[in-house]
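As C-alpha cells, the structure follows; a few thoughts come after it.
A short reminder: the numbers here are calculations on the coordinates, not readings from a lab. Bear in mind that the values here come from a model prediction, so they are computed numbers and not experimental data. Cβ atoms come from the backbone with ideal geometry, glycine included; neighbour counts cover every protein chain shown.
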Amino acid sequence: MRNRIIIIGALVLIAYVIGTRTGRVEVKNRESVGHQIVRLWDDPRARRRRRKAAARAEKKAKKALREFRR
C-alpha cells in the first residue's frame, strides 16, 4: 500500500512538472514587451489558432442566430 502511494505521488509530481513546462513561451533575454507581443502575434501557430477560433465563433454565432429566429 505504501509503495502505491509513493508511485502515485511520483507520477503526480512528474505530470505537474511536465504540465508547467509545456505552456511556457520562450522569451529572449532583454527583449522589450512590445517586441515580444509583436513576435507572438506574428507566430504562424498563433495565427492558425486565431483563425480557427474565429471560424468556430462565427459558426456558433450563426447557429445561435438561426435558433433564435425560429
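Odds and ends about this structure:
- The simple spin-label model puts a point 7 Å past each Cα toward its Cβ; for T22 and N3 those points are separated by 2.9 nm.
- The stretch 2-69: Rg to Rh, with Rh as the Kirkwood radius over Cα pairs: 1.27
- Compared with the dominant principal axis of the Cα atoms in the chain, helix 2-22 is inclined by about 40°.
- 0 to 90° range, to nearest 10: angle between helix 44-69 axis and the chain longest Cα axis: 60 degrees
- The helix-only estimate of mean residue ellipticity at 222 nm for the chain, built from DSSP H runs of length n ≥ 4 each weighted as -39500 (n - 2.57), is -27000 deg cm²/dmol after division by the residue total.
- Net dipole in debye of the chain [+1 Lys, Arg Cβ; -1 Asp, Glu Cβ; about Cα centre; nearest 20]: 620 debye
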